[in-house]
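What follows is one structure encoded as structure tokens, with my remarks underneath.
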Amino acid sequence: MGETFASSPFDGDLVGTRADVAVDADVVTRLFSPAFFVVILSGFLYFVGIGALMPILPRYVEDELNGGGFQVGVAVGAFAVSAALLRPWVGRTGDTHGRRILVVGGAAVAAASILAYPLATSLPLLIAFRLVTGAGEAAFFTGLVTINQDLAPDDRRGEAASYFSVSLYGGLALGPPLGETLLKQTNFTTVFVTFAVACAVGAVLALLLPRGGGVVAPAGPRTILHRVALWPGIVAALGLVPITAYGAFLPLYADSVGFEDVGPVLGLYAGLVLVIRIVAARLPDALGWRRASAMALTGAALGVGVIGAWGTSMAVWVGTVLLAIGMSLLYPALMAAVMNATPAAERSHAVGTFTLFLDLATGFGTALVGIVVSVGNERSGFLVASLCAAGGLVAQTLLRHRIGQPAPTPAPASTPTPA
């Protein structure tokens, strides 16, 4: 066997050899290991810190920087811009220099930038800090998702993605109320410092993780977007438009169908997603990525389609259940398809490409539905979102022979035979 790499207490959970051309780190036969739980905890703490900023930043822009709606949107959205632009690049870095450096460095960069928010006495300065936070997010998320998949057996990748997403959703769900509660009792500086520390603790924990990647250079030329992740990313982006429409426009639509408070409906959605991803975590693997993603896209299309077409409070409840089922399966199924077809030495690059499309779905999907709503109404926006998910189902069906297929390995250059 070739030389193994080991640089953390848990490196025994992730083994690679320099003799393996594909650096197949999947000599893993079990999912739950000390390193796997560190991934979950590190992600949870980081996303608590990021989630806490969601209700705090708009207030900071309005109260401290005297900004309006446009300024709030720019400050909040700057984070996603740098995160999306850098994901493919940091993914390639993770493959050549190791995933752990992305996780530790990304969380540390995010923590340092959040710590600087109280120093932002003008909107341009805050935007600059937010761009840095987005850069940290790109590295942290790409690296941690890749390690999560490195630690999973081939037949449990969807399950691993499901459990990881619970730490993400759990952190983003817990962070906002914690942030608001702390702000009521203290001030903006205390809030920013507290949740910067949460991200920093996530970085410290990540020091325990396997290095991952960087054993041999990936074969063949490197492109900006990874070929294996391209089509699954497009399908995922189309499938995510319904949830972006639901989150952005359900609160505005609720009044017209008799809802005084959408909290219970949103709580039902979040609760169902978490329960399904925990209790039925193995479902994407058991069904296979094709059937699981087809069910997910169908559920997403029907969910917002029912809300838009039916136009009653009962439709909102029914549509919410269908949408939650779809969203519970979509990410784990397509992530498994990408990872099972990607060589170990290229996984971070593939993750960076795949998650880029998730960012694009949030940005462009919300904008598309917003244009439709401005021309028509919320119901027409939900129907267009339903059509996007249906388009994703059509794309998934047409591209089944291309999704989940390994990238061709470049043939070695032939050496002339001496005369």
Exactly one of Ala309, Ala300, Ala315 is touching a Lys or Arg at 6+ places or on another chain (Cβ under 8 Å) and of a type in the set (A, V, I, L, M), and that residue is Ala309
In this structure, does Thr96 turn out to be of a type in the set (Ser, Thr, Tyr), within 28 Å of Asn66 (Cα to Cα), surrounded by fewer than 24 Cβ atoms within 10 Å (Cβ to Cβ) and over 18 Å from the mean Cα position of the chain (by Cα)? no
If you go through segment 38-56 one residue at a time, do you hit one that is of a type outside the set (A, V, I, L, M) and in contact with a Cys (Cβ under 8 Å, 6 or more places away or on another chain)? yes
Residues of segment 81-115 satisfying the condition of being modelled with pLDDT under 95 and of a type in the set (S, T, N, Q): Ser82, Thr93, Thr96
In segment 375-406, which residue that is modelled with pLDDT under 85 and not charged (D, E, K, R) is surrounded by the fewest Cβ atoms within 10 Å (Cβ to Cβ)? His401
Those residues that are at pLDDT 85 or above and either of a type in the set (Gly, Ala, Ser) or surrounded by fewer than 22 Cβ atoms within 10 Å (Cβ to Cβ) (or both), I need them from segment 206-228; list them, please. Ala206, Leu207, Leu208, Arg227
When you go through Ile234, Ile224 one by one, which is the residue that is outside any helix (DSSP H, G or I), in contact with a helix residue (DSSP H, G or I) (Cβ under 9 Å, 6 or more places away or on another chain) and either of a type in the set (D, E, K, R) or farther than 20 Å from Ala173 by Cβ (or both)? Ile224
Which of the residues that make up segment 257-295 are surrounded by 17 or more Cβ atoms within 10 Å (Cβ to Cβ), acidic (Asp, Glu) and without any contact (Cβ under 8 Å) to a residue 60 or more places away in the chain? none
Among what's in segment 63-83 and is part of a helix (DSSP H, G or I) and among the polar types (S, T, N, Q), pick the residue that is nearest to Gly136 (Cα to Cα). Ser82
With assigned by TED's automatic domain parsing to the domain that holds Ile307 and under 13 Å from Gly158 (Cβ atoms) as the only criterion, which of Ala254, Ala294, Ala280, Ala270 stands out? Ala280
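The values are calculated or read from the model by the stated rules, or taken from the named source; none is laboratory data. Treat the numbers as computed from the prediction; the structure is a model and nothing was measured. When we count neighbours, we look across all protein chains shown, and the Cβ atoms used for this are built from the backbone with ideal geometry, even at glycine.
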